[in-house]
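A short write-up of the structure that comes next.
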Amino acid sequence: MHRPWLLAVALLLCEAALAATPRQPAGTILIVAGRSLQHGSTLASVLDTMAASCGAFGTSRFELLEGVEATDPALPDRLAGRDDLRVVVLVVGNLSLLRNVDPSLEMPADQRQLSSRVVDLEGLARSIEGVRRAAGRHGARVLLATAPLGLQGRIEVPELLEVAAWLRETESGLLDLGGHFASRERAMLFANGIDVLNVPGEHELARALLAAVLRDDALLPPTDDREAAHRAEQRLLDAWCRAERAFPQLMEAADAGDATSPGPQGTLGAPGDEPAVADEAVGRAALAMWRDDTGPATCARWQALARLPSAQGAIGLSAGCALCELEEQVGESTDALERELVNAGRLLSQGLRWDALVLAQKLVDDQPQRIEPWMLLIFIEMALGRPIEPLLDEARASVGAVSSLPLAESRVHELLAGLPDSMAALPLLLRALAPHGALLPTGPALEQARRYEAGGMLDHAIAALKQASRQHRLPPSWKLELARLRALNQR
């Protein structure tokens, strides 16, 4: 039985009792990928934004050691004095392991001759061990990762596949980026077709890292209960979005925990954990709203959270309070989409229906791959008494055109068909999809255009995206891609 008043009292007592000391950073996650990443890569910034929206990496920040390879003899010295390190992600197996070879470059024939087609695995093992010792002196660990390789690289430089196979045989707890990118070879994620990721490839790497950590805690063990609880919540949300069969079991495990955490090991927290504790409580309230709609028990949860200073800014809080029509003032969400959705809802509640409609239409144009703006737009159209069937079809097509978001077609259909009642799922959706908001959306039409471009068929690449635009709305990054292709075709 839900006892919302008990939850409210517990949260408020927790707020009063906890110290104001901020939670200490969990350390730096240092990425050493060498030539796998282009010069000037923004991967670390992308990962920081993604991590901040879900808590799966705790309070750690990401850093890229640019231009340094795993076998660089100076790497152990570069790690000296780095007592801020949590993990060194060491990407192993790109072309740097072979001398005088890069099939993507035009070189005289004599320079293209390999001095040896044998990778020095013993020397590589010594290099890895040296990095492990250097990191270990500061209490950090090394997470080995197989290098991403494109189709051309796997065909023309099979020696690198042998390196990946050796790592899989000898290393436990391996981040298999090579295997992940092999499964995504049709997405055209390499700048040179071999081993250097392009910008979409870097965003794919970020997705792969998050998925791997959520799948196996041992790859990057949580530093505390708060980080573990955030991962448990994200697993639960992903399973809900994908309509996985495992979701009911995960939900049962969550219900076995206490009232404010997403997992059975959750607690109200420890001194210094206030924002993380409150964020977990917002996650629980979002789940309750989806299951129980906007009944008194659910709204009492949101009311208690709205009064906690430490909960302000948590993703889903302002949306939940708006849906319950609470009078409490809450701080702006850290999520830009949620801020705009709440602004549109506020206009609607003030009777400014046409202003709300204009804002909702803009949100759909800005992020047609996200289902939340579509839900709000359709909700407003329903309030205006206008037909919604064409919008429902367009929403399904636009959301379904993007394959990089963890939303099953059945879940999309359920949410759209369930309006207006399904608006209660908005806080849950915002929390579930927030980590993907920092990543470039991708889908079959965009990837087909990239394949045409790689083959020199710019007209076909342009036609692929133009055809997609007639079937659904294009995300802004796809529109930029279409403009770029058109400019190239005019040269």
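The values are calculated or read from the model by the stated rules, or taken from the named source; none is laboratory data. Because the structure is a prediction, the values reported are computed rather than measured. Neighbour counts are summed over all protein chains in view; Cβ atoms, including those assigned to glycine, are modelled from backbone coordinates with ideal geometry.
Between R346, R396, R411, the distinction of being more than 30 Å from R245 (Cα to Cα), among the basic types (K, R), surrounded by 14 or more Cβ atoms within 10 Å (Cβ to Cβ) and in contact with a helix residue (DSSP H, G or I) (Cβ under 8 Å, 6 or more places away or on another chain) belongs to R346 only. When every residue of the stretch 132-141 is checked against the conditions, none turns out to be crowded, with 16+ Cβ neighbours inside 10 Å, under 24 Å from T442 (Cα atoms) and basic (K, R). Taking the criterion of being under 22 Å from A297 (Cβ atoms) and part of a loop (DSSP other than H, G, I, E, B), the residues of the stretch 316-353 that qualify are G316, C324, E325, L326, E327, E328, V330.
Pairs meeting the criteria (first residue in the stretch 316-340 and of a type in the set (D, E), second residue in a loop (DSSP other than H, G, I, E, B), beta carbons under 7 Å, at least 6 apart or on different chains) are E328/R307; E332/G313; D335/S53; D335/I315; E338/I315. Scanning the stretch 313-338 for residues that are of a type in the set (S, T, N, Q) and within 26 Å of L439 (Cβ to Cβ) yields S318, S333, T334.
I'd like the full set of residues that are over 15 Å from V142 (Cα atoms), touching a Phe, Trp or Tyr at 6+ places or on another chain (Cβ under 9 Å) and not polar (S, T, N, Q), limited to the stretch 194-221. Let's see the steps before the verdict.
If we filter the stretch 194-221 for residues that are over 15 Å from V142 (Cα atoms), which is where we start, we get 194-208, 210-212, 214-216.
Among the residues that remain, those that are also touching a Phe, Trp or Tyr at 6+ places or on another chain (Cβ under 9 Å) are: 196-198, 201, 204-205, 208, 210.
Scanning the stretch 194-221 gives V196, L197, G201, E204, L205, A208, L210.
Note on the stretch 43-67: residues that are surrounded by fewer than 19 Cβ atoms within 10 Å (Cβ to Cβ) and touching a His at 6+ places or on another chain (Cβ under 8 Å) amount to 2.
Could you check how many residues of the stretch 57-77 are under 18 Å from the mean Cα position of the chain (by Cα) and at pLDDT below 95? Total satisfying the criteria: 2.
What about G40, is it under 27 Å from the mean Cα position of the chain (by Cα), surrounded by 13 or more Cβ atoms within 10 Å (Cβ to Cβ) and at pLDDT below 95? Break it down into steps so the answer makes sense when it comes.
Working: under 27 Å from the mean Cα position of the chain (by Cα): yes; surrounded by 13 or more Cβ atoms within 10 Å (Cβ to Cβ): no; at pLDDT below 95: yes.
Considered against the rule, which asks whether it is under 27 Å from the mean Cα position of the chain (by Cα), surrounded by 13 or more Cβ atoms within 10 Å (Cβ to Cβ) and at pLDDT below 95, G40 comes out as no.
Filtering the stretch 180-189 to residues that are of a type outside the set (F, W, Y) and touching a helix residue (DSSP H, G or I) at 6+ places or on another chain (Cβ under 8 Å) leaves H180, A182, R184, E185, R186, A187, M188, L189.
Tallying residues that are in a helix (DSSP H, G or I), surrounded by fewer than 24 Cβ atoms within 10 Å (Cβ to Cβ) and small (G, A, S) within the stretch 282-299 yields 1. Tallying residues that are assigned to a helix (DSSP H, G or I), surrounded by 22 or more Cβ atoms within 10 Å (Cβ to Cβ) and in contact (Cβ under 8 Å) with a residue 40 or more places away in the chain within the stretch 300-315 yields 3. The stretch 160-257 holds helices (runs of 4 or more DSSP H) entirely within its bounds, and those carrying 1 or more residues that are charged (D, E, K, R) and within 26 Å of A408 (Cα to Cα) map to 199-215, 225-241, 247-255.
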